[in-house]
Amino acid sequence: MNLIDNIVAQAAAMTAIRRDIHAHPETCFEEHRTSELVAKLLTEWGIEVHRGLGKTGVVGLIRGRDGGQSGRSLGLRADMDALPMQELNSFAHASKTPGKMHACGHDGHTTMLLAAAQHLARQRDFDGTVVLIFQPAEELGGGAHAMIEDGLFERFPVDAVFGTHNWPGMAVGDIALSSGPVMASTNEFKIVIQGRGCHGAMPHMGIDPVPVACQVVQGFQTIISRNKKPIDSAVLSVTMIHAGEATNVVPDHCEIQGTVRTFRTEVLDLIESRMREVAEHICAAHQASCEFGFARNYPATVNDVEATAFARAALAEVVGADHVIDQEPTMGAEDFSYMLQAKPGAYFFLGNGDGAHRTGGHGAGPCVLHNPSYDFNDDLLPLGASAFVHLVHRWFARPA
């Protein structure tokens, strides 16, 4: 691998920073300690710092040897937030905050961008401006959208923006990248079926919403299997059904909740429309009524074709062309999608390994995302930082 020597030399210091962030996780829009740490380090390295975008977001500006006079700019993004879950690891840098954990590697993403920032600020061997975007609330709050709404790209224009995520199960040293949709949109639904409660021994006196809900759930499956084109990817999962409080009472209502994931808006439109029709008509057939709610959360993450081709060439300089592999799209979601709707760019994945990197005291579970035994692989810190730096150098080496 073609790692940058002075970044490798800082690996131990960066590992300490990453583990400190891991030990002090902060969730959605509460990243006060983390953003303070980021801002402090950037300031120490002579980087112009702006705070408050998206509540706890931090933006750093590194102007190259031209002082940024070329007007060219490139955005690099890292997410900072943790998850509201209990960590099972007991090693020294495990979470010190009950009920919160860095189980997705955002501590590592933040540290990789910090390491790249330190190097770029020392060298400034490019013509243009690097916009460092340390984003809050990726997991639950749409922090990318919040920063954009606060004027991120108006105040700090960029020609393109790139981001990355660690990927457990993929070998360290491999980078996955593809153009087009790479992560799905995420959407939630909540349906309240209103019946009429009665005694459990006299169901004819009421309207039981439970069998109606069962038919609605069954009906939803035909949307995926019979309404959607087979070549269009989509997931419709009912994940919660709530009804009743006693075994001898027919409840008066039943709630159905779940998620829908797609890559294309047209497919999402079809699914939402058909879900509403199926729910309302099945309820009407049983003399029940239906309150249908459907919330569209993060859009699909779609990599720009030209930006992806550029990133593939730049990343190949770090790991070799044979180790830049195609990314199979995943039904997971990512709010970097908002940035890619606003600017051309690409999102790539760094192999996090199989979990063998974890020190003694890990939780004995799998090292996969959103798992209480997960831990970021610190071997990725020099790799991810070098990848960011190569993107910068190659970007500004292109003709204006």
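The values are calculated or read from the model by the stated rules, or taken from the named source; none is laboratory data. Because the structure is a prediction, the values reported are computed rather than measured. Because the Cβ atoms are built from the backbone with ideal geometry, glycine has one as well, and the counts that use them run over all protein chains shown.
Values as computed for the structure displayed
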{"item": "Matching residues in the range 61-99 - criterion: being closer than 30 Å to residue 345 by Cβ, out of contact with any helix residue (DSSP H, G or I) (no Cβ under 7 Å at 6 or more places or on another chain) and of a type outside the set (Gly, Ala, Ser)", "result": "61, 63, 65, 66, 69, 83, 84, 85"}
{"item": "Selection status of residue 143, over 21 Å from residue 311 (Cβ atoms) and either buried (at least 24 other Cβ atoms within 10 Å of the Cβ) or outside the structural domain of residue 327 (by TED's automatic domain parsing) (or both)", "result": "yes"}
{"item": "Residue tally, condition in a loop (DSSP other than H, G, I, E, B) and either within 24 Å of residue 53 (Cα to Cα) or not charged (D, E, K, R) (or both), over the range 117-138", "result": "5"}
{"item": "Selection count, the range 380-397, where residues are more than 15 Å from residue 78 (Cα to Cα) and small (Gly, Ala, Ser)", "result": "1"}
{"item": "Hey, residue 213 crowded, with 19+ Cβ neighbours inside 10 Å, farther than 30 Å from residue 103 by Cβ and modelled with pLDDT of 95 or more or not", "result": "yes"}
{"item": "Residues located in the range 314-365, provided they are within 21 Å of the chain's Cα centre (by Cα), part of a loop (DSSP other than H, G, I, E, B) and small (Gly, Ala, Ser)", "result": "332, 333, 353, 355"}
{"item": "Counted residues, the range 122-151 - those being in contact with a helix residue (DSSP H, G or I) (Cβ under 8 Å, 6 or more places away or on another chain) and more than 21 Å from residue 95 (Cβ to Cβ)", "result": "12"}
{"item": "Filter result for residue 371 (under 22 Å from residue 6 (Cα atoms), in contact (Cβ under 8 Å) with a residue 60 or more places away in the chain and not in a helix (DSSP H, G or I))", "result": "no"}
{"item": "Among the candidates 295, 316, 309, 279, residue that is surrounded by 16 or more Cβ atoms within 10 Å (Cβ to Cβ), touching a residue at least 40 places away in the same chain (Cβ under 8 Å) and of a type in the set (A, V, I, L, M, F, W, C)", "result": "279"}
